[in-house]
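> Structure incoming, see below.
The values are calculated or read from the model by the stated rules, or taken from the named source; none is laboratory data. Remember, predicted model here, so these are calculated numbers, not experimental data. Backbone-built Cβ (ideal geometry, glycine too); neighbour counts: all protein chains shown.
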Amino acid sequence: MDRAIQSREKQFYDEEWKKVQVREIRGRVTIPEIPTIAGKRVLVCSCGTGIEAVQAALEGAEVYAFDISETAVRNAQAMAEFNNVQMEVQLMDFHQLTYPENFFDIVYGSAILHHIDCDVVGRNIHRVLKPGGVAYFRENSDRNPLLRWVRRLAFGKPDGYQRQKFLFFRRNGTTDEYPLTEEEVTKLREIFQGNLRRYNHTFEFFYLMNAMIFKKRSVGRKLRVFNRFVVRALPFLRPYSFQQEIWMQKPAGRP
């Protein structure tokens, strides 16, 4: 990743994660085909708020976490201490992981793949996973042709400057981030020798109108209900959700 972009991303999230409040954490990290992560060695990538890393530790996983943001590292450490769990948290760039080869059972992340170079990071993930290990990421998507057309018209194309505002549309995030593209998914599939699946457990489409226009909780709740109604009536639309999950597995027997 270009150092200027990396610097802007780091600066943005150093400020963004200052909004996080230390609190008691509940819930769990769920991964398809893995009933429990208890007893497994788990890497939480771009730990951000620290919540998911703590959830994994509370379930009994041996947790490692990292982030490029010092604020995120402090969040994870504070959350762990408050919730009385142990984990190893480091300041680290996803493009330069220092963990040993074949070390983790699970690599997990949320809304991070679209920020990085998937070719470089995909190889890093593959390297640190044990044979048979699973990587699972909750992500956004550039797959929907209508959303892709509107997104590029309003805010910009991949690998270019992303406008924050266009007419009455306003987006969140950094000036460099763009939803995960089909080309990036293809790169990851190649790195994992075809062992990649995509899930759409949550259908998100109309809710984006609230995120970009209305920005009201009451409107957002109604649009989420409408999302669920639409996908139940037209289930073939599910793959075109703005939200997706990327599941990858390192082939067993291939260190």
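> So, of the residues in segment 184-225 that are over 16 Å from Leu146 (Cβ atoms) and of a type in the set (Phe, Trp, Tyr), which turns out to be modelled with the lowest pLDDT?
Phe214
> How many residues does segment 127-162 hold that are of a type outside the set (Val, Ile, Thr) and in contact with a strand residue (DSSP E or B) (Cβ under 8 Å, 6 or more places away or on another chain)?
Here the count works out to 15.
> Is one or more of the residues making up segment 52-69 over 23 Å from Met248 (Cβ atoms), within 18 Å of the chain's Cα centre (by Cα), buried (at least 17 other Cβ atoms within 10 Å of the Cβ) and modelled with pLDDT of 95 or more?
Checked segment 52-69: at least one residue is over 23 Å from Met248 (Cβ atoms), within 18 Å of the chain's Cα centre (by Cα), buried (at least 17 other Cβ atoms within 10 Å of the Cβ) and modelled with pLDDT of 95 or more.
> Among Val89, Val85, which is at pLDDT 95 or above, more than 24 Å from Asp119 (Cα to Cα) and out of contact with any Cys (no Cβ under 9 Å at 6 or more places or on another chain)? So that I can check it myself, show each step before the final result.
Numbers: Val89 fails: out of contact with any Cys (no Cβ under 9 Å at 6 or more places or on another chain).
Answer to the check: Val85.
> Within segment 19-44, restricting attention to residues that are under 23 Å from Val121 (Cα atoms) and within 17 Å of the chain's Cα centre (by Cα), which residue is surrounded by the fewest Cβ atoms within 10 Å (Cβ to Cβ)?
Filtering segment 19-44 for residues that are under 23 Å from Val121 (Cα atoms) and within 17 Å of the chain's Cα centre (by Cα), the one surrounded by the fewest Cβ atoms within 10 Å (Cβ to Cβ) comes out as Pro32.
> Just to verify a result, which residue in segment 113-151, among those that are among the β-branched types (Val, Ile, Thr) and surrounded by fewer than 19 Cβ atoms within 10 Å (Cβ to Cβ), is nearest to Ile37 (Cα to Cα)?
Kept after step one, since they are among the β-branched types (Val, Ile, Thr), are these residues of segment 113-151: 116, 120-121, 125, 128, 134, 150.
Next cut, surrounded by fewer than 19 Cβ atoms within 10 Å (Cβ to Cβ) only: 120, 150.
On the way: Val120: 26, Val150: 39 Å.
Result: Val120.
> For Gln6, only one of the following conditions fails: (1) surrounded by fewer than 14 Cβ atoms within 10 Å (Cβ to Cβ); (2) touching a His at 6+ places or on another chain (Cβ under 9 Å). What is its number?
(1)
> For Val63, work out the one condition from (1) without any contact (Cβ under 8 Å) to a residue 40 or more places away in the chain; (2) among the β-branched types (Val, Ile, Thr); (3) out of contact with any helix residue (DSSP H, G or I) (no Cβ under 7 Å at 6 or more places or on another chain) it doesn't fulfil.
(3)
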